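The block underneath contains the structure these notes are about, expressed in structure tokens.
The values are calculated or read from the model by the stated rules, or taken from the named source; none is laboratory data. Since this is a predicted model, take the numbers as computed values, not measurements. In this analysis, Cβ positions are derived from the backbone assuming ideal geometry, glycine residues included, and neighbour counts consider all displayed protein chains.
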Amino acid sequence: MSVVDDAAFAPAKKERWTYQWKELYDEVIDSKLCTGCAGCVISCPHDVIGYNHEEGEYRPFHLEEELGFDDCIHGQKGCTSCTRACPRFRAWEPEANEHLFARDRGDDEIAGIYSDIMLTRASDDMVHKMGQDGGLVSAILIWALDEGYIDGALTSFMEGPASDWKARPGVATNRDEVLESAGSRYTYSANTLAINEALERGLTKLALVGMSCQSSVPPVMWHRKIGKIGKPITFNLGLLCSKTFDDSIFAELFEAKYGLDKHEMVKMNIKGVFQIWMKDGSYHEINLKECHAWTREGCTYCPDFAAEHADISCGGIGKDNDWTLTIVRTELGREIIQRMIADGSIVARPGDSDPAAIELMRKLSIKSRERWPAWASDVVRLGLPEKKKPVAATA
Ligand SMILES: Cc1cc2nc3c(=O)[nH]c(=O)nc-3n(C[C@H](O)[C@H](O)[C@H](O)COP(=O)(O)OP(=O)(O)OC[C@H]3O[C@@H](n4cnc5c(N)ncnc54)[C@H](O)[C@@H]3O)c2cc1C
Ligand code: SF4
Ligand code: SF4
């Protein structure tokens with residue numbers, strides 16, 4: 001890993017973009033800034049970047065070994081797609097902000113730039129019931145499919161039987177598929193990877209549902225002019241996120257210590273504690289500190305709690321469990337939410353009705369940004385409160 005000179009992050013400087021897998025490997029993957037979002041994988045026109053979905057992995061790797069695992073023959077010949085897609089490479093944050101909002105965020109915008117914040121829930125009882133919180137994400141997808149904003153959504157399903165809790169990226173094109181994918185799994189699912197299936201099925205207008213790290217992929221791609229792979233994603237729904245867990249947490253903690261078999265689990269949520277509901281009707285809470293050891297490595301340095309580059313970001317914080325905290329960021333996001341409120345598809349109330357939720361979002365955004373390492377781009381830490389120096393003891 002090389003420590004990158006901060007001048008390299010200056011967004012204003014226009015230089016020829018020559019960076020390829022070699023720089024990506026050195027500055028993002030080897031340095032552990034890599035989140036596993038798979039932006040580089042889907043962008044590669046030569047299909048030489050693979051992705052490892054296994055426990056302890058969730059990382060991209062180079063499939064050709066001619067120049068070793070950390071260099072690329074196509075990159076040597078001028079291909080730069082992977083670095084153009086990576087939302088942790090160089091000045092990713094100001095570049096995405098510039099693209100979406102025509103400005104960078106101010107130091108008081110620690111949760112990213114937004115125009116409105118509210119609490120929402122699906123009006124349709126089934127959608128509300130199937131959703132993790134207010135069912136907003138599923139309600140939006142169903143509505144956007146019906147209204148022709150999208151013809152498919154890159155979301156997350158379960159691989160094999162639902163009781164295995166192994167998340168896998170997939171495509172939803174109708175109400176049934178949207179509801180099949182509803183709810184949260186707290187392990188990683190690189191939903192970007194579902195784009196290949198969507199394109200094979202001839203879909204052209206896609207929503208991406210993704211964790212904060214994934215929702216920065218489209219605007220970074222667009223800003224860096226990646227070309228056709230960035231075009232089908234037309235709508236970006238982000239999920240608030242402070243971490244995901246490695247799949248091994250099921251066997252090594254939940255089962256080994258608490259005797260909770262994953263095949264017997266029906267729902268899980270995180271509300272200050274890890275909550276687990278079982279088929280036999282029992283409910284269990286596990287201290288998050290205990291879960292910490294199973295944090296997925298890709299989350300270690302992640303600075304983005306609030307999915308700051310989505311059209312609409314959605315979270316579960318708030319005093320009422322069955323509402324979705326909804327952060328409207330772009331014009332498109334605003335148009336969709338306003339139309340859904342107007343036609344009664346969702347119910348909304350102002351964010352001010354739960355000020356503690358907004359304050360908690362700010363605190364958690366600070367906490368995530370504090371993880372961003374001092375040796376990487378300074379701009380990402382913009383707005384962090386100064387840490388108080390310990391007062392020297394007096395005699
Ligand atoms: C791993 C993870 C961590 C989260 N952490 C927080 C948090 O710390 N604080 C907070 O306020 N909110 C967090 N959320 C968001 C919250 O759990 C809800 O997803 C959000 O409030 C939307 O609820 P809903 O009822 O509107 O969504 P739903 O209608 O239930 O739709 C949820 C959508 O998320 C997709 N999805 C489910 N699991 C995954 C996954 N692992 N990866 C990618 N996509 C997935 C589903 O396919 C579906 O499209 C997290 C979500 C996930 C998946
Ligand atoms: S952060 Fe995403 S795009 Fe960047 S190297 Fe990792 S997987 Fe690839
Ligand atoms: S904390 Fe969430 S948003 Fe950040 S890298 Fe991990 S999964 Fe992605």
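Observations on the model:
- If you go through region 225-252 and keep only what is within 21 Å of Leu332 (Cα to Cα) and either hydrophobic (A, V, I, L, M, F, W, C) or in contact with a Lys or Arg (Cβ under 8 Å, 6 or more places away or on another chain) (or both), you end up with Lys225, Ile229, Pro232, Ile233, Thr234, Phe235, Leu237, Leu239, Leu240.
- Between Ser184, Ser189, the distinction of being outside the structural domain of Glu54 (by TED's automatic domain parsing), more than 22 Å from Gly230 (Cα to Cα) and out of contact with any Cys (no Cβ under 9 Å at 6 or more places or on another chain) belongs to Ser184 only.
- Subset of region 162-172 that is free of Cβ contacts under 8 Å to residues at least 60 places away in the same chain and out of contact with any helix residue (DSSP H, G or I) (no Cβ under 7 Å at 6 or more places or on another chain) - its residue that is nearest to Asp246 (Cα to Cα): Ala167
- Checklist (1) within 16 Å of ligand 1 (Cβ to nearest atom); (2) more than 21 Å from the chain's Cα centre (by Cα); (3) modelled with pLDDT of 95 or more applied to Ala251, failing item: (1)
- Residue in region 182-192 that is surrounded by 18 or more Cβ atoms within 10 Å (Cβ to Cβ) and either on the phi > 0 side of the Ramachandran plot or more than 16 Å from ligand 3 (Cβ to nearest atom) (or both) present: yes
- So Lys231, is it farther than 28 Å from Gly160 by Cα and among the charged types (D, E, K, R): yes
- Just one of the listed residues (Ile341, Ile336) is away from ligand 3 (no atom under 16 Å from the Cβ), buried (at least 20 other Cβ atoms within 10 Å of the Cβ) and not in a loop (DSSP other than H, G, I, E, B), namely Ile336.
- In region 230-250, the residue that is surrounded by the fewest Cβ atoms within 10 Å (Cβ to Cβ) out of those that are assigned to a loop (DSSP other than H, G, I, E, B) and among the hydroxyl-bearing types (Ser, Thr, Tyr) is Ser248.
- Flag for Asp320 being touching a residue at least 40 places away in the same chain (Cβ under 8 Å), within 29 Å of Ser115 (Cβ to Cβ) and either touching a helix residue (DSSP H, G or I) at 6+ places or on another chain (Cβ under 7 Å) or not in a loop (DSSP other than H, G, I, E, B) (or both): no
- Entirely in region 148-229, the helices (runs of 4 or more DSSP H) that have 3 or more residues that are within 16 Å of ligand 2 (Cβ to nearest atom): 212-215, 217-223
- Residues of region 64-79 that are at pLDDT 95 or above and aliphatic (A, V, I, L, M): Ile73 alone.
- Some residue of region 71-88 being assigned to a loop (DSSP other than H, G, I, E, B), more than 16 Å from Ala190 (Cα to Cα) and among the acidic types (Asp, Glu): yes
- Index of the failed condition, Lys387 passing every other in (1) basic (Lys, Arg); (2) in the same structural domain as Val217 (by TED's automatic domain parsing); (3) closer than 21 Å to Ala111 by Cβ: (2)
- Each residue in region 38-70 was checked for being within 15 Å of ligand 2 (Cβ to nearest atom), hydrophobic (A, V, I, L, M, F, W, C) and not in a helix (DSSP H, G or I), and 7 of them qualify.
- Entry remark, region 257-269: residues being in contact with a helix residue (DSSP H, G or I) (Cβ under 7 Å, 6 or more places away or on another chain) and either under 25 Å from Lys319 (Cβ atoms) or touching a residue at least 12 places away in the same chain (Cβ under 8 Å) (or both) number 3 in total.
- Strands (runs of 3 or more DSSP E) wholly inside region 265-312 containing at least 1 residues that are surrounded by fewer than 18 Cβ atoms within 10 Å (Cβ to Cβ) and of a type in the set (Phe, Trp, Tyr): 273-278, 283-287
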